[in-house]
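Asker: I'd like to ask you about the structure that follows.
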């Protein structure tokens, strides 16, 4: 019995070691001298969803009675706020923390609604409103990353984003319509689409990769992309209704 316990403990320790090793070995920093560029446009196929107005149920004297649903920023079938990232890239340029990353409680909505940063970035959470906000951020869906009360106008709190993955944010001060998303990446090869649905990922080492596009309401789509040395490749995406 004791021998079995020892063996199981050794196996567990080995698994933990290998798991830790894979995390640290997952991305190698190299000098990229012949990198290519991935560009594209994310569009909606078919009739775009109609933007609904969300009811404001607290602090209506300041926040107003309704606010547009922020999920569907679609203009001319071009989709804003789509996170595009290379999956499983093992080596490339250094992933530097993003300077000036902010999540602002502004006019009772989060600004920006979607953003992407690298692991280790210091995020400044701001309350620009004269009402109480409480920014509750979840990493990986259910794990609380931080839970911050901001009762004072112009109050600022800084938090370092240490864990890669998607951070979903809501306001626990009764502002149920307030949501925001932050993608935290282990590598620098990501982008968020602008108002015209465009994205660009530069200095990509030559090779074949899986490119993933994520939208909070429309889901994810993936495709394979091959990057040639010092060349630009177009890799556009199209979403449909879920």
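The values are calculated or read from the model by the stated rules, or taken from the named source; none is laboratory data. Quick caveat: nothing in here was measured; it's all calculated off a predicted structure. As a convention, Cβ positions derive from the backbone with ideal geometry for all residues, glycine included, and neighbour counts pool all protein chains shown.
Asker: Filter segment 136-174 down to residues that are under 17 Å from residue 121 (Cα atoms), outside any loop (DSSP other than H, G, I, E, B) and in contact (Cβ under 8 Å) with a residue 24 or more places away in the chain, then give me how many there are.
Answerer: Within segment 136-174, residues that are under 17 Å from residue 121 (Cα atoms), outside any loop (DSSP other than H, G, I, E, B) and in contact (Cβ under 8 Å) with a residue 24 or more places away in the chain number 13.
Asker: Residue check, residue 88 against (1) at pLDDT 95 or above; (2) closer than 28 Å to residue 121 by Cβ; (3) loosely packed, with under 15 Cβ neighbours inside 10 Å, all met but one. Which one?
Answerer: (1)
Asker: Given (1) touching a strand residue (DSSP E or B) at 6+ places or on another chain (Cβ under 6 Å); (2) surrounded by 13 or more Cβ atoms within 10 Å (Cβ to Cβ); (3) not in a loop (DSSP other than H, G, I, E, B), identify the lone condition not met by residue 177.
Answerer: (3) is the only condition that residue 177 fails.
Asker: Now, a different point. Within segment 226-242, can you find the residues that are in a loop (DSSP other than H, G, I, E, B) and touching a strand residue (DSSP E or B) at 6+ places or on another chain (Cβ under 8 Å)?
Answerer: Going residue by residue through segment 226-242, those that are in a loop (DSSP other than H, G, I, E, B) are 228-231, 235-236, 240-242.
Scanning segment 226-242 gives 228, 229, 230, 231, 235, 236, 240, 242.
Asker: Restrict the check to segment 105-119 and report whether at least one residue is touching a helix residue (DSSP H, G or I) at 6+ places or on another chain (Cβ under 6 Å), in contact (Cβ under 8 Å) with a residue 60 or more places away in the chain and closer than 30 Å to residue 62 by Cβ. Steps first, answer last, please.
Answerer: So the first thing to find is which residues in segment 105-119 are touching a helix residue (DSSP H, G or I) at 6+ places or on another chain (Cβ under 6 Å), and the list is 108.
With in contact (Cβ under 8 Å) with a residue 60 or more places away in the chain added as a condition, the list becomes 108.
Next cut, closer than 30 Å to residue 62 by Cβ only: 108.
Looking through segment 105-119, at least one residue is touching a helix residue (DSSP H, G or I) at 6+ places or on another chain (Cβ under 6 Å), in contact (Cβ under 8 Å) with a residue 60 or more places away in the chain and closer than 30 Å to residue 62 by Cβ.
Asker: For segment 136-153, name all the residues that are closer than 15 Å to residue 179 by Cβ and over 15 Å from the mean Cα position of the chain (by Cα).
Answerer: Matches in segment 136-153: 136 only.
Asker: Further question on the same structure: Which condition does residue 67 not pass, out of (1) in contact with a strand residue (DSSP E or B) (Cβ under 6 Å, 6 or more places away or on another chain); (2) surrounded by fewer than 19 Cβ atoms within 10 Å (Cβ to Cβ); (3) free of Cβ contacts under 8 Å to residues at least 40 places away in the same chain, if it passes all the others?
Answerer: If we test residue 67 against (1) in contact with a strand residue (DSSP E or B) (Cβ under 6 Å, 6 or more places away or on another chain); (2) surrounded by fewer than 19 Cβ atoms within 10 Å (Cβ to Cβ); (3) free of Cβ contacts under 8 Å to residues at least 40 places away in the same chain, just (3) comes out false.
Asker: Being under 18 Å from the mean Cα position of the chain (by Cα) and either at pLDDT below 95 or assigned to a loop (DSSP other than H, G, I, E, B) (or both) is the filter here; which residues of segment 91-115 pass it? Give the steps one after another, and end with the answer.
Answerer: Of all residues in segment 91-115, those under 18 Å from the mean Cα position of the chain (by Cα) come to 95-105, 109-115.
Passing the criteria: 95, 96, 97, 98, 99, 100, 101, 112, 113.
Asker: Quick check on my filter: what residues within segment 74-85 are in a loop (DSSP other than H, G, I, E, B) and buried (at least 20 other Cβ atoms within 10 Å of the Cβ)?
Answerer: Taking segment 74-85 first, the residues in a loop (DSSP other than H, G, I, E, B) are 76-77, 80-82.
Scanning segment 74-85 gives 80, 81, 82.
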